[in-house]
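Below is one structure, written out as structure tokens, with a few remarks after it.
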Amino acid sequence: MFFAISVTNMASARSIISKDLIMGSKVFYRIMDNRKNQLSENTKILSMDFAFKQSILSADYETLLSIVDNLKDRVKADYASLVSLEYTIMADTLQPDLRGKRYASQELIEKTEEEGEVSSITTRDGGYFQIVIVPILAPDPIAWLVIGFMINDTVLKDISSLIIAQISVFHLSANGKLNLVASTLSEDLRKYLVGQVNVNILNAEEEQSLRLGQSEYISFIILMEKRKGSSFFILLQRSLNEVLRPYNLLRTRFAIITLISLLISFVVSIRISRSVTKPVSTIVVGVRQIENGNYNINIEVNQKDELGELSTAFNNMARGLQERDLVSDLLGKVVSPAIAKELLSKKVELGGEEKEVTILFSDIRSFTTLSENTTPTMILNLLNRYLTVMSEIIERHGGVIDKYIGDAIMALFGAPISHPDDVDRALNAALDMTEELEILNMDFQKSNIPPINIGIGINTDIVVAGNMGSVVRHNYTVIGDGVNLASRLEGLTKNYNTRIIISESTYKKAKEKYTIEQLGEVLVKGKHKPTVIYALTGRL
Amino acid sequence: MKRLAFTVVILYYLLLGGVGYCQDLISEVKDNDGNMVEYAVITAIPRSGEVKKADKEIISVIDQVDKTFIDFVTPIMVGTTLSFPNSDKIRHHVYSLSEAKKFEIPLYPPGKGKVNPVTFDKPGVVVLGCNIHDWMKAYIYIVETPFFAKTDKGGKAIIKNIPAGEYKVEVWHPHIKKSSASVKETVVISKGSDMKADFAIELKKVLSVRRAPGSLGGGVYP
């Protein structure tokens, strides 16, 4: 990119310089013209001096020379010559001994006769002068006044400050000798310049590139004056380096800035990567923990960015998982694990489905009497031990505790999850419960708790199973006549003095062999036909 | 009455004699482009060399009107005295640096009549200038013969009543080029007949300060 900018810059600098130089050359012409005019005007005014006019024809030579010298000083010229109408030198401030000799540039005087005034560049004594020739009118011409202004470095410096270019003046004499007349360049650069400039370069019409020492100079050449085979050339030059200096400065600054920004971005990227990788690895550790089932973790990422938010979210998630685990654990304790699982796995919605369910009701007989004779603490103790044991049996057989109603247990086989042998599961559970009760009673005996007796009613029927209750609080349960019948069968155990009574539908669906005895028929509420009931006493 | 009659008779004779014995030299001066040249002076110098001296009493005038010399060219015979009146309301400073007559009338006030007389006793050309008005310029052409005339706008000059004889006839003009054919060596004037001597001259470009048009003063070069 630097390279591209550099190339573009060089090209544009060149074109800018050459445009500037062309403009400069116009300004130079203009300045030279103005200078010429001003010198002419000044010289003309000098020529009007009446005393001077009078002296030309009357004064002695010494006086005349002195007058001419004085005139020269009035306009700060470098020399003045007075030339007669016959082209002989009457007085010359530079070389007084030229008096009476023919004026060297007679053709210029002749030109003045035609044009009234002439300005030109001449060489004298190795110096170069811009000269102005005007007539001394009294009121016809009586002599010619030549005033010379040296073209030297100082003059060029004045002009160069106006056109912002180095100016060098070359003189190409008629015999082809090239001379540097004056220049604004330093001595060293002049040597380079003189070494490079030749006739071909001077005659070129387009701008050139000259290398002077270290710097390249775009150079524009103009022909200032051509007379009698000799010519004066002006070389306007501008250093490419100088023009490009601001750009080079900019480039250096740009490089420094780039370096600094690279450094900064390096440091920043390290910091950023640290601030990313570190929390990410922390989070990964946390995720592994979660994977392993350890929800009780808290990762610490003290950042106020997305990762910080992520870690907060992660922690919240861990809390959530922990809570859910806790809930599911608790749910498993409050409701049966199967329901808990069903509840946790599915989207909990109110409403239910019709299902064939075997409902088991068990109740402690004469519990009311028992509670009257025993302390509440003991009752609770008894009840808890009893319910724990019985619930454990029911769940072992795949039953689901629907609810505890005081000392009564309502359990479901076939809801929420159906098994093909739900009926047998229920019957085996009931038998196990009665057997376990004997063992429990022996324990109670040791604790001075009177033995208890239980009744169990089992009925199999199509019921509605599902979540029932309000939107915010509901239970998984079953409702239907089948439930009432199971409860009623449990109530009948007292009357028939048997522990387990099952309904006809249950009896018909049992696949295993049990010791069953028909007890009779009972009328079931809502049905016209009486239902046959059986007592279950053991397995075959 | 007798005297008057005598005068009339004398006059009659003189006039009659003029017709009978005197003749004019008529010249026309043109430039190379064929334009008639005003302010050219024709002089006829008798080849015999006999020249009548100028009458000291002859006084001619070069006036200054509106910062201009009147007239631009004044031919006079050697020995003539010119007066320099000033018809402007300002002063003038007439000078001549010419060899024929160097003089200066510094800053003299307006005045009429025969004021500031200057006698020109050498032949030649006197260029008059005014030190305070650069453009003011006039020429006095001092000749050694009484036979001279100045061309008018039509380029015509007549030397009246020139006696018969052989003359060297010359033309002069302030701007005449030296290369011009300005001399006719022998012109014979015969009694009773006018003679013609025409010239075609070359004029040079003149360097002088010109009055800027519409300005009170000032000046510009050509």
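Where a number appears in this text, it was derived from the coordinates with a stated rule and is not lab data. In this text the structure is predicted, and so the values were computed from the model without any measurement. With ideal geometry, Cβ positions are generated from the backbone for all residues, glycine too; neighbour counts draw on all protein chains shown.
General observations
- For B:LEU97, the amide hydrogen comes within under 5 Å of the amide hydrogens of B:VAL127, counting only partners 5 or more places away or on other chains and with H modelled in the peptide plane.
- For chain A, the longest principal axis of the Cα atoms and the long axis of helix A:2-47 meet at an angle of about 30 degrees.
- Leading residue at positive end of dipole, the protein assembly as shown (Cβ point charges), from B:PHE148, A:ALA77, A:SER362: B:PHE148
- For A:SER366 and A:GLU436, a Förster radius of 22 Å and the Cβ-Cβ distance give a FRET efficiency of 0.70, rounded to the nearest 0.05.
- Taking the Cα centre of region A:350-539 as origin and assigning +1 to Lys and Arg Cβ atoms and -1 to Asp and Glu Cβ atoms, the resulting dipole is close to 260 debye.
- Averaged over peptide A:131-139, the number of partner chain Cβ atoms lying within 10 Å of each residue's Cβ comes to 5.
- Rounded to 5, percent antiparallel among DSSP beta bridges of the protein assembly as shown: 90 percent
- Shape category assigned to region B:52-144 from the gyration tensor of Cα positions, a/c cut at 1.5: prolate
- Computed from the C-beta positions of A:LYS26 and A:LEU262, the FRET efficiency with R₀ = 56 Å rounds to 0.70.
- Cα centroid separation, region A:78-123 to region A:269-324 (Å): 104 Å
- Placing a pseudo-label 7 Å from each Cα along the Cα-to-Cβ vector at A:LYS403 and A:SER15 gives an inter-label distance of 9.5 nm.
- 10 Å-binned pair-distance histogram of the protein assembly as shown (Cα, whole percent): 2, 9, 11, 10, 7, 6, 5, 4, 3, 3, 3, 4, 4, 5, 5, 5, 5, 4, 2, 1, 1, 0
- Gain upon complete extension [A:ASN495, A:SER470; 0.36 nm per residue less C-alpha separation]: 5.2 nm
- Placing unit charges on the Cβ atoms of the charged side chains and taking the dipole of the protein assembly as shown about its Cα centre, the candidate lying farthest along the positive direction among B:GLY129, A:GLY127, A:HIS474 is B:GLY129.
- Region A:466-540 and region A:389-445: distance between their alpha carbon centers, rounded to Å: 14 Å
- Amide proton proximity set for A:MET224, modelled H, under 5 Å, gap of 5+: A:PHE232, A:PHE233, A:ILE234
- Violating pairs (Cα-Cα greater than 28 angstrom) within the set B:LYS112/B:LYS205; B:LYS114/B:LYS205; A:LYS355/A:LYS529; B:LYS122/B:LYS178; A:LYS111/B:LYS89; B:LYS122/B:LYS150: B:LYS112/B:LYS205; B:LYS114/B:LYS205; A:LYS111/B:LYS89
- Gyration tensor verdict on region A:489-540 (Cα atoms; rounded if a/c is under 1.5, prolate if a/b is larger than b/c, oblate otherwise): oblate
- Inter-probe distance in nm under a simple model that places probes 7 Å from Cα toward Cβ, at A:ALA204 and B:ASP198: 6.5 nm
- Signed unit charges on C-beta, dipole axis of the protein assembly as shown, positive-most listed residue A:ILE257, A:PHE170, B:LEU207: B:LEU207
- Gain in span if fully extended, A:ARG102 to A:ASN152, counting 0.36 nm per residue against the direct Cα distance: 15.3 nm
- Less than 5 angstrom separates the built amide H of B:ILE132 from those of B:HIS93, all sequence-distant by 5 or more or on a different chain.
- Evaluated at q = 0.25 Å⁻¹: base-10 log I(q)/I(0), Debye formula over Cα of region A:365-449: -1.25
- Reported to the nearest whole Å, the Cα centre-to-centre distance from region A:32-70 to region B:174-196 is 41.
- Share of pairwise Cα-Cα distances greater than 17 Å in region A:158-271 is 62 percent (whole percent).
- Dividing the summed -39500 (n - 2.57) terms of all DSSP H runs of n ≥ 4 by the residue count of the protein assembly as shown sets its mean residue ellipticity at 222 nm at -13000 deg cm²/dmol.
- Cα-based helix-to-principal-axis angle, A:306-334 vs chain A, degrees rounded to 10: 0 degrees
- Length added when fully stretched, A:ASP60-A:LEU223, from 0.36 nm per residue minus Cα-Cα: 54.4 nm
- Global form of region A:416-536, assessed from the alpha-carbon gyration tensor, a/c cut-off 1.5: oblate
- Using alpha-carbon coordinates, inclination of helix A:106-115 to the longest axis of chain A, degrees: 80 degrees
- Rounded to the nearest 20 debye, the dipole size of the protein assembly as shown about its Cα centre is 2820 debye, using +1 on the Cβ of Lys and Arg and -1 on the Cβ of Asp and Glu.
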